[in-house]
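Just below is one structure, and these are the notes that go with it.
The values are calculated or read from the model by the stated rules, or taken from the named source; none is laboratory data. Treat the numbers as computed from the prediction; the structure is a model and nothing was measured. Virtual Cβ from ideal backbone geometry, glycine too; neighbours counted across all protein chains shown.
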Amino acid sequence: MGPLHGVKIVEFAALGPAPMGAMILADLGAEVVRIERKPPPNAKPGFEIFDPKLDILNRSRRVVRLDLKKAEGLDAARRLVAGADILIEGFRPGVMERLGLGPDESLAANPRLVYGRMTGWGQYGPLSQSAGHDINYLSLSGALHAIGEAGGKPVVPLNLVADCGGGAMLLVVGVLAALTEARSSGHGQVVDAAMTDGSALLMSMMYTLKAMGQWSQARGTNLLDGGAPFYDTYRCADGKYISIGPIEPQFYALFLHKAGIDDPDFSQQWERSRWPELKTRLATHLQTRSRDAWCALLEGSDACVAPVLDMDEAPEHPHNRARGTFIEVGGVVQPAPAPRFSRSIPAQPRPPVVDGAGEDVLADWGFTPAEIDGLRTAGAL
């Protein structure tokens, strides 16, 4: 079920964008086996304090728990990789090589393998061996500098841009592109997915506007960064917010009409010198009604208005409910798989696996009962 049905993927457990990329591939029907390593005895709490039963990013996987420090566990991991179409790892450059699971060894055993590598800085470059997180990778792309209110500091856009968009999404694009090529050429390859590269790529439209002289380096002064009065969020009478985005003249005119704004000053939509003043006046006008009252008047029209929903409200919105944008899996409300397919419809996601060593997975991937017993006896499973 799903367009990737029949594709076999081995994922080496990591943090953030690599698991999200593997989740997307599993959502689309791939069989993803996640190899989880035995944690060190004195591991300090970190992301590990999260409850694994609630980790949405680990849904729809099968899990094998191997001790890769034991020769038997390492050999088992190599056998799984030899039977896979795609490998995904998210460690610093050189870690997989030191384990004996690097691209050279893996591609020698499986020449058609697509070897997906997810890092922040990339496999090479001056920063490639440095630690970092989404906010750091985002900083190098020019994106973080561009996000924020006029006169204010750069604002962190959660970890959506580098981890999720520039990381996980570009990893998925890369490994699927390489898989398509491998099926015609018979040869696999390494996919070097770096969050710095991906974040920069997501800034393509902004760099286009800058090249055209339509983008200022000053935050909060541009069309798409909250500088325009007709593309921003506004506080309503009840303290909740709406977003408005009627950029096109006909949509802007409809917004003004339906919002009851007949002041001729607002007809100067593209007079940038008036934007700060018009934003202030529009903010005052929109504070005269509650968020839901404005939405009752404007939402669903070409005025381009929507409520700013919190994470409890979003799953209950009628549009999201009609499309099944959110689902419940194992008692946890979470985003549904996307995008949608007309024919090869993916199965309902499964909760994360938290118990068991993965003997069933090994059996399905060709290990005999004696070999599985040997792994357990050796303490490698």
### Query
Among the residues of the stretch 90-101, is there at least one that is touching a residue at least 40 places away in the same chain (Cβ under 8 Å) and among the acidic types (Asp, Glu)?
no
### Query
For the stretch 350-374, what are the residues that are β-branched (Val, Ile, Thr), without any contact (Cβ under 8 Å) to a residue 60 or more places away in the chain and either closer than 25 Å to Ala336 by Cβ or loosely packed, with under 13 Cβ neighbours inside 10 Å (or both)?
Thr368
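Starting from residues that are buried (at least 17 other Cβ atoms within 10 Å of the Cβ) and under 16 Å from Cys236 (Cα atoms), keep the ones in the stretch 262-292 and report whichever is nearest to the chain's Cα centre (by Cα). Can you show your working first?
First pass over the stretch 262-292, keeping only residues buried (at least 17 other Cβ atoms within 10 Å of the Cβ): 266, 269, 275, 278-279, 282, 286, 289, 291.
Checking which are under 16 Å from Cys236 (Cα atoms) leaves us with 279, 282, 286, 289, 291.
Numbers: Lys279: 32, Leu282: 34, Leu286: 33, Arg289: 35, Arg291: 29 Å.
Step by step, filter the stretch 262-292, then rank; the result is Arg291.
Would you point out which residue out of Leu80, Leu66, Leu99, Leu140 is in contact with an Asp or Glu (Cβ under 9 Å, 6 or more places away or on another chain), buried (at least 16 other Cβ atoms within 10 Å of the Cβ) and of a type in the set (A, V, I, L, M)? Steps first, answer last, please.
On the way: Leu80 fails: in contact with an Asp or Glu (Cβ under 9 Å, 6 or more places away or on another chain); Leu99 fails: in contact with an Asp or Glu (Cβ under 9 Å, 6 or more places away or on another chain); Leu140 fails: in contact with an Asp or Glu (Cβ under 9 Å, 6 or more places away or on another chain).
Just one listed residue meets the conditions, Leu66.
If you scan the stretch 150-190, which residues turn out to be in a loop (DSSP other than H, G, I, E, B) and farther than 21 Å from Leu113 by Cβ? Walk me through it before giving the result.
In the first step, residues of the stretch 150-190 are kept if they are in a loop (DSSP other than H, G, I, E, B); the result is 150-159, 186-188.
Of everything in the stretch 150-190, those that are in a loop (DSSP other than H, G, I, E, B) and farther than 21 Å from Leu113 by Cβ turn out to be Ala150, Gly151, Gly152, Lys153, Pro154, Val155, Val156, Pro157, Leu158, Asn159.
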### Task
May I ask you to verify whether Glu48 is modelled with pLDDT under 80, outside any loop (DSSP other than H, G, I, E, B) and either touching a Lys or Arg at 6+ places or on another chain (Cβ under 6 Å) or over 25 Å from Leu375 (Cα atoms) (or both)?
yes
### Query
Considering the stretch 16-33 alone, what residues qualify as being within 16 Å of Leu170 (Cβ to Cβ) and either touching a strand residue (DSSP E or B) at 6+ places or on another chain (Cβ under 7 Å) or modelled with pLDDT under 95 (or both)?
Gly16, Pro17, Ala18, Gly21, Ala22, Leu25
### Task
Report the residue count in the stretch 178-233 for those that are touching a residue at least 60 places away in the same chain (Cβ under 8 Å), farther than 20 Å from His145 by Cβ and among the hydroxyl-bearing types (Ser, Thr, Tyr).
1
#### Entry: Given (1) of a type in the set (A, V, I, L, M, F, W, C); (2) assigned to a loop (DSSP other than H, G, I, E, B); (3) touching a helix residue (DSSP H, G or I) at 6+ places or on another chain (Cβ under 6 Å), index of the condition Phe266 fails
(2)
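Those residues that are part of a loop (DSSP other than H, G, I, E, B) and of a type in the set (A, V, I, L, M), I need them from the stretch 332-381; list them, please. First the steps, then the outcome.
First, the residues of the stretch 332-381 that are part of a loop (DSSP other than H, G, I, E, B): 336-358, 365-368, 378-381.
Scanning the stretch 332-381 gives Ala336, Ala338, Ile345, Ala347, Val353, Val354, Ala357, Ala378, Ala380, Leu381.
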### Task
Mind telling me which of the residues Gly226, Gly239 ends up being at pLDDT 95 or above, within 27 Å of Asp302 (Cα to Cα) and in the same structural domain as Arg281 (by TED's automatic domain parsing)?
Gly239
### Message
Give me the residue from the stretch 196-221 that is within 26 Å of the chain's Cα centre (by Cα) and part of a loop (DSSP other than H, G, I, E, B) and, out of that set, surrounded by the fewest Cβ atoms within 10 Å (Cβ to Cβ).
### Response
Met203
### Residues within the stretch 1-23 that are closer than 17 Å to Ala336 by Cα and either buried (at least 19 other Cβ atoms within 10 Å of the Cβ) or without any contact (Cβ under 8 Å) to a residue 24 or more places away in the chain (or both), tallied
7
### Query
Looking at the stretch 170-222, which of its residues are touching an Asp or Glu at 6+ places or on another chain (Cβ under 8 Å) and outside the structural domain of Tyr115 (by TED's automatic domain parsing)?
Arg219, Gly220
### Message
Looking at Val114, Val155, can you tell me which residue is in the same structural domain as Arg79 (by TED's automatic domain parsing) and either within 17 Å of the chain's Cα centre (by Cα) or surrounded by 19 or more Cβ atoms within 10 Å (Cβ to Cβ) (or both)?
### Response
Val114
### Task
Just give me the residues in the stretch 239-263 being over 12 Å from Ala228 (Cβ atoms) and in a loop (DSSP other than H, G, I, E, B), in sequence order.
Gly239, Lys240, Glu248, Ala259, Gly260, Ile261, Asp262, Asp263
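Name the one entry in Ala108, Ala193, Ala131 that is assigned to a helix (DSSP H, G or I) and among the hydrophobic types (A, V, I, L, M, F, W, C). Step through it out loud before you land on a result.
On the way: Ala193 fails: assigned to a helix (DSSP H, G or I); Ala131 fails: assigned to a helix (DSSP H, G or I).
Sole residue among the options that is assigned to a helix (DSSP H, G or I) and among the hydrophobic types (A, V, I, L, M, F, W, C): Ala108.
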